[in-house]
1. Just one of (1) touching a residue at least 60 places away in the same chain (Cβ under 8 Å); (2) of a type in the set (Phe, Trp, Tyr); (3) under 20 Å from B:Gly178 (Cβ atoms) trips up B:Tyr281, so point out which.
2. Can you name the residue in segment B:136-160 that is facing chain A (nearest Cβ under 7 Å) and not hydrophobic (A, V, I, L, M, F, W, C) and is also nearest to B:Phe215 (Cα to Cα) among such residues?
3. So, in segment B:228-256, how many residues would count as being in contact with an Asp or Glu (Cβ under 8 Å, 6 or more places away or on another chain) and farther than 25 Å from B:Gly111 by Cβ?
4. Within segment B:209-223, take every residue that is surrounded by 20 or more Cβ atoms within 10 Å (Cβ to Cβ) and away from chain A (no Cβ under 14 Å) and give me the one that is farthest from A:Glu160 (Cα to Cα).
5. Return the residue satisfying two criteria in turn: it lies in segment A:241-297 and is more than 25 Å from A:Tyr115 (Cα to Cα) and not in a helix (DSSP H, G or I), and of such residues it is modelled with the lowest pLDDT.
6. Which count do you get for residues in segment B:161-170 that are within 7 Å of chain A (Cβ to nearest Cβ) and touching a residue at least 24 places away in the same chain (Cβ under 8 Å)?
7. Give segment B:176-191 a look and list any residue that's under 16 Å from B:Leu250 (Cα atoms) and either within 14 Å of chain A (Cβ to nearest Cβ) or at pLDDT below 95 (or both), or say none.
8. Checking A:Leu79 against (1) farther than 25 Å from A:Ala36 by Cβ; (2) more than 11 Å from chain B (Cβ to nearest Cβ): exactly one of these is not met. Which one?
2 protein chains.
Amino acid sequence: MKPVIVVDLGGTNLRIARVVGNNVEHREIFSTPRGAESIVGLIAEQAMKLSAGTAVGVAVAAPGAVSRGLGGLSKAPNLPELDGYPMAEEIRRLSGLHCMVENDANAYAVGEVTYGAAIGYKSVVVITLGTGIGGGIVLEGRLWRGADGVAAEIGHVCIEENGRRCGCGASGCAEAYGSASSMLRLAKEYGSNATSAREAYELAKNGEQAALKAFKRAGTALGILISSLVNILNPQAVVIGGGGSAAYDLLEPYILEEMKLRTFPLAMRNLQLLRCKLKNYAALLGAAVLLEEQIST
Amino acid sequence: MKPVIVVDLGGTNLRIARVVGNNVEHREIFSTPRGAESIVGLIAEQAMKLSAGTAVGVAVAAPGAVSRGLGGLSKAPNLPELDGYPMAEEIRRLSGLHCMVENDANAYAVGEVTYGAAIGYKSVVVITLGTGIGGGIVLEGRLWRGADGVAAEIGHVCIEENGRRCGCGASGCAEAYGSASSMLRLAKEYGSNATSAREAYELAKNGEQAALKAFKRAGTALGILISSLVNILNPQAVVIGGGGSAAYDLLEPYILEEMKLRTFPLAMRNLQLLRCKLKNYAALLGAAVLLEEQIST
């Protein structure tokens, strides 16, 4: 099996690795440079270095809506310089390596299903709790990308018609309660001293009522979201990942409480609610799987 | 092409037909008898009559959760006598004809996608507005049944956390606002004189404010539901069917208003919102398609 170069491109960090199967042979982390040329320049340069002539291609997991026609992001709120930029073509031109671009939450989902928490399950919804809420849907072993490549925008599933304002402009999106950022925002509103989601979690574990209340609110919202996903898709498993999943133990009881009330009983009976396993490796490993798939078909 | 016998089994009526392709050669309507033996007896008797030795099998579209292992309904709130009853086996025993049982909303969806409003679309969500809200999901031309055969229980997608009480016990399910029954219930609560959903529609068309307000509320709820479905699945089309779709013209503006606010723009851009075409023939024709599929694989 030949190595694959994979990139987990975020608004803050750019992780690049050489992967063979589920083995990350080498990984480097950079601050994400500004400007499309600098980003693809860094990826191409590092990809050539890591490949050293051996890799079959580069897979970039990127935050935003992926357009297959463009070979890049057609909507990239966290990296606006890449909006409409033909990333795959430029990386190919600069590095000589075949390149594909995939949505980062989709890659994350494929990673967790192939090598992580959901090994052995064929139909899985993966939810990532970060700045927003992202997701990936795997049905009968295949990633469901949607008709326009933008399926699983699950952060904007409404849970409360006239609820909290979401960054998207609508009210009551699940993301406005259940993302890691919203957990912190809620804690502050309730009077917590937390300055990060991580700190809110620690304060809650030490009994701070405001922080506890925030995780209860977030967990309830996530329970409603997951119930909707399960009632629609009837998957075998739901995986909770992303930075916010660090608070899994605080969220789980409220998620389950809401699911018992709202999930269709026959869809609930065999359902597994799982916590992610691969953390920062999920998107890298998933991107590698998707590139191998693309090359072999 | 050989004929297929298809049955649309409802809590009130039982429709049975001989179908070749999309041609309904003969159709009969009966009141649904009470008791599992009487139901399968009537189906077997009429199937043999309509087949006259020519049909390849019987497909029954039935309301409830279908268990493939059982060959029947594992949950049938509208026909409790069929709960856990091996319907397919009994019909086969009595008639000598191969028999399959399928969820009626799934059959309806396949009918509309194959021969109705969504011809030419491969990834479609079909919503049926009746006593409750049902649905069927077709992805890349294939019915998505879910891991346990109970996908598309979309009536119980929450739209409002502390909203109206639903028959399922939870609060704020889409069904509590957008089903045909809920449209009537809302109209009455707002002070309408309507005694049926049909009448509420006519009163609204004649300017009765209470009835108009009910369709506005139902349309808004359906817009939230459809936005969630589209954000999750990114289909090419959404079809609105079932008895409640008779009010499509009153519902559509409110559905679209909510979708413009809540649906991910890239998933909205190419999306078609369609009204069903086949009415009472959708489930019959869809059941025939699913039986042909089963036989040919």
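The values are calculated or read from the model by the stated rules, or taken from the named source; none is laboratory data. Computed from a predicted model, the values in this text were never measured in an experiment. No Cβ is skipped: glycine too gets one built from the backbone with ideal geometry, and neighbour counts run over all protein chains shown.
1. (3)
2. That would be B:Glu160.
3. Here is the first cut: in segment B:228-256, the residues in contact with an Asp or Glu (Cβ under 8 Å, 6 or more places away or on another chain) are B:231-232, B:234, B:239, B:241.
Subsequent filtering for residues that are farther than 25 Å from B:Gly111 by Cβ retains B:231.
Selection size over segment B:228-256: 1.
4. B:Ala211
5. Looking at residues that are more than 25 Å from A:Tyr115 (Cα to Cα) and not in a helix (DSSP H, G or I), I get A:Phe264.
6. Counting residues in segment B:161-170 that are within 7 Å of chain A (Cβ to nearest Cβ) and touching a residue at least 24 places away in the same chain (Cβ under 8 Å) gives 0.
7. Answer for segment B:176-191, where residues must be under 16 Å from B:Leu250 (Cα atoms) and either within 14 Å of chain A (Cβ to nearest Cβ) or at pLDDT below 95 (or both): B:Tyr177, B:Gly178.
8. All conditions are met except number (1).
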